[in-house]
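The values are calculated or read from the model by the stated rules, or taken from the named source; none is laboratory data. Note that the structure is a prediction, hence the values are computed from the model and not measured. With ideal geometry, Cβ positions are generated from the backbone for all residues, glycine too; neighbour counts draw on all protein chains shown.
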Amino acid sequence: MLSDEQRQQAIESLREAHRTKTPCVQLSTTFPDIEIADSYAISSALAAEKEKAGIKIIGHKIGLTSKAMQASSGIDEPDYGYLFDDMLLNDGDVVRYADFCVPRVEPELTFILKEPLKGPNIGLVDVMRATEYVVPSIEIIDARVQNPRKIFDTIADNGAGAGIVLGGRPVRPDAVDLRWVGAIFYRNSKIEETGLAAGVLGHPAMAIAWLANSLAPFDITLEPGNLILSGSFTRPVWAEPGDTLHADFGPLGSVSVQFE
């Protein structure tokens, strides 16, 4: 466990990485005694700073929920971070590459809640009942910590969350079998990844259940209107200046983002 002073040093390192767009040394290297609780405390402190600056929390992102993402990162357990209103993008938006350290992109499903969810003991049916829409999405992730990262580094860095692009055709959660929602992920005209949403814990709604139950010990409720990113079901795709990333979700439409 870290001291308050060490946690503050970690916060300052991440804050500087955000400012300079240069990843900092791994917190797990600088502070070998770091624990999961420290990482979430650091992430929450940085989120509180953003709130004080007038930026609103609009939901949560869940990461590392599929074998593909766990294999890509070398981390074998899920994590979560915050979604802020300044991360929200529209389908087809153009973003500045220089606003990121090392951006990568992933196709995901976003759940929009109509009812509160609070663990423990939340299951798939509870999530389906509480969800108003499921929306095709692209998540932009950005590591503000150098590789190779451990779970402590990723959690403290808000799960590497950097942007969320909503698009396609929003659907009611029972309108399709969410396990079989697929995506073909293109960089420019080249297919880079394909996958099915079942890759996320067997059913993407189970990621939302995992989050609600993980937040229960902290007396945190997922509120109506919250956006919850369920996690990627493919490996992340690198983005370079000039690239257009396009996720084709078939019957659910498509969503894209361009880097300049």
Single match in ASP157, ASP174, ASP142 (criterion: over 30 Å from CYS24 (Cα atoms) and of a type outside the set (Gly, Ala, Ser)):
ASP174
From (1) in contact (Cβ under 8 Å) with a residue 60 or more places away in the chain; (2) not in a loop (DSSP other than H, G, I, E, B), pick out the condition that doesn't hold for VAL125.
(1)
Of all residues in the range 195-215, which are under 16 Å from PHE249 (Cβ atoms) and over 16 Å from the mean Cα position of the chain (by Cα)?
GLY195, LEU196, ALA198
Can you find a residue in the range 8-23 that is touching a Phe, Trp or Tyr at 6+ places or on another chain (Cβ under 9 Å), farther than 21 Å from ILE140 by Cβ and in contact (Cβ under 8 Å) with a residue 60 or more places away in the chain?
yes
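Per-residue answers, yes or no, for (1) in contact with a helix residue (DSSP H, G or I) (Cβ under 7 Å, 6 or more places away or on another chain); (2) at pLDDT below 95:
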position	(1), (2)
ASP153	yes, no
VAL171	yes, no
ILE208	yes, no
ILE220	no, yes
ASN226	no, no
GLY253	no, no
VAL257	no, no
If we keep just the residues of the range 228-245 that are surrounded by 24 or more Cβ atoms within 10 Å (Cβ to Cβ) and out of contact with any Asp or Glu (no Cβ under 7 Å at 6 or more places or on another chain), which is nearest to HIS60 (Cα to Cα)?
ILE228
Among strands (runs of 3 or more DSSP E) entirely within the range 184-260, at least 2 residues that are free of Cβ contacts under 8 Å to residues at least 12 places away in the same chain occur in 190-196
Any residue that is surrounded by fewer than 17 Cβ atoms within 10 Å (Cβ to Cβ), hydrophobic (A, V, I, L, M, F, W, C) and under 18 Å from the mean Cα position of the chain (by Cα) - is there at least one of those in the range 106-120?
no
Just give me the residues in the range 40-82 being among the charged types (D, E, K, R), modelled with pLDDT under 95 and surrounded by 20 or more Cβ atoms within 10 Å (Cβ to Cβ), in sequence order.
ASP79
